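The values are calculated or read from the model by the stated rules, or taken from the named source; none is laboratory data. Nothing here was measured: the structure is a model prediction, and the numbers come from that model. Cβ: placed from backbone, ideal geometry, glycine included. Neighbour counts: every protein chain shown. Surface accessibility is based on the protein's heavy atoms, side chains included, excluding ligands, DNA and RNA. Shrake-Rupley method; radii C 1.70, N 1.55, O 1.52, S 1.80 Å.
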Amino acid sequence: MAQSARKPRVTVGANAADRARNLATGAGLVDDPYPKYAELRETGPVHEGSISGVFDMEGPESQGWRDRRNFSLYDWKTVDAMLRDNETYSSSWYEASLGAVVGFSILQMDEPEHRRYRSLVQPAFTRLNIEDWRKRWIQPAVDAIVDGFVERGEPVDIYAELCAKVPVYTIASSFGVAAEDVPHFHELAVTSVGVIGDPAGRIRASNEIADYLRGIIADRRHSGTGDLISVLCTVEIDDPDSGESHHLSDDEILAFARIMLPAGAGTTYRGLGCLFLGLLETGQIDQLREDRSLIDAAIEESLRWEQPLTSISRLSTRDSELGGVKIPAGSVVHGCVAAANRDPARWDDPDTFDIRRPLQPHASFGSGPHLCIGMHLARTEMRCAINAVLDRMPGLRLDPDADKPWITGLLFRTPTAVPVVFDAP
Ligand code: HEM
């Protein structure tokens, strides 16, 4: 992360922009943060200071609010309580990071404004509607991506060739981006969502995405096609002051659309990569081959064990107390999701990846009013990808001749690669 003099062991990522972002957020510098989290949790759930500070780094979670006091939470109960109380712990924290790039989105809003805007898109993301997404956008994207490498029958890194592509291809198609423009759109999306690094480059990429989407919006205002932009063109929002309602402006639609890329594409591919690596390394992929009904449990366990996004931050709006520690108004509060998900008070043997463990909600999709709106979408993308691999890559196993991969990173967790071989179909 920024200001660290340490040399990373590895640079990983889907492309140059992604690699730069991973490096900036601790990939190759912090491989196993969990023993440190366990140590901290044992001495109390709440500690003053940022999470990256524990690893002698200055991570994005504390940048942007440098003059404030920082507090970090390391157990399930306290992280969950903090996220549920959006009045005391405000999402305006995003103002200094993502907000500067994608504009004012629901991620950054507090109640009641947040509820009004979120309810407009929520219907498009229900479990039922996601089945429609699967048929229209996810399955065709997964099939086309797998077609691109499976016929060669050669060793392949499915992290770069499959996981990195599925989420952004899905979102791009749901926006109505033309198939031939998707690779460039992917590049722009990855560049725009860097959490730190060259802000001018990020803003340029984000503006190019906005210009592209403006064209689609103009088109859908005349004739809807049922895609996500068409839905956003038809919904109306009430103005609490006048009591009147209006269609969303282009900028309001763009704020929704632009947040989908970092929120949906920057997270799901990491989750998918960790899932494949966990299954292949432990041999639990064999259990899925025999019984596909275990796929959903495997996805949840993988998200608990190695969550893509490891912390969620807020700004405290008033004096409060968490885990017995006083948090003054104006402080920056970081919920360490990675530590919450391995809290031994909630999960037995939490460091073990075990797809048969009893299911109970993890913190990887957050909690409270900002609970991830795309969670059913992410799960469906992961389910489609794993089914495609089981169907079309018989005998899938880690490539014995490739460098041994591992999972790394502090703000995000990401595998270094998922190199595989398979038998001729
Ligand atoms: C495994 C994949 C994913 C993970 C781990 C994840 C994680 C999260 C988390 C932790 C939050 C809460 C942030 C906060 O409280 O500050 C969130 C919110 C959000 N996510 Fe996801 N997400 C994933 C996939 C997706 C997908 C596929 C989409 C849609 C394309 C999406 C769209 C959103 C949006 C729009 C929000 C903001 C919701 C709000 O503020 O009300 N996410 N996500």
State all residues of the stretch 236-262 that are more than 16 Å from HIS114 (Cα to Cα), open to solvent by 10 Å² or more (accessible area, probe 1.4 Å) and within 15 Å of the ligand (Cβ to nearest atom); if no residue qualifies, say none. ARG258, PRO262
Provide a single number: the residues in the stretch 47-69 that are touching a helix residue (DSSP H, G or I) at 6+ places or on another chain (Cβ under 7 Å) and more than 17 Å from ARG342 (Cβ to Cβ). 6
Take the residues in the stretch 267-289 that are surrounded by fewer than 23 Cβ atoms within 10 Å (Cβ to Cβ) and under 19 Å from the mean Cα position of the chain (by Cα); name whichever of them is nearest to the ligand (Cβ to nearest atom). THR267
Take the stretch 152-175 and flag every residue that is crowded, with 22+ Cβ neighbours inside 10 Å and basic (Lys, Arg). LYS165
Listing of strands (runs of 3 or more DSSP E) fully contained in the stretch 316-411 that carry 2 or more residues being open to solvent by less than 30 Å² (accessible area, probe 1.4 Å): 320-322, 332-336
Test: HIS362 is out of contact with any Cys (no Cβ under 6 Å at 6 or more places or on another chain), touching a residue at least 60 places away in the same chain (Cβ under 8 Å), over 23 Å from VAL142 (Cα atoms) and within 12 Å of the ligand (Cβ to nearest atom): yes
In the stretch 365-403, what count of residues is obtained for those that are within 16 Å of the ligand (Cβ to nearest atom) and on the phi < 0 side of the Ramachandran plot? 20
Pairs where the first residue, in the stretch 41-54, is open to solvent by 30 Å² or more (accessible area, probe 1.4 Å) and the second is part of a loop (DSSP other than H, G, I, E, B), C-beta under 6 Å, 6+ apart: ARG41/TYR74; ARG41/ASP75; PRO45/TYR74; PRO45/ASP75; PRO45/GLY323
Is it the case, given these coordinates, that ALA178 is surrounded by fewer than 19 Cβ atoms within 10 Å (Cβ to Cβ) and over 23 Å from LEU98 (Cβ atoms)? yes
Where in the stretch 66-122 are there helices (runs of 4 or more DSSP H), lying fully within it, with 2 or more residues that are surrounded by 22 or more Cβ atoms within 10 Å (Cβ to Cβ) and modelled with pLDDT of 90 or more? 76-84
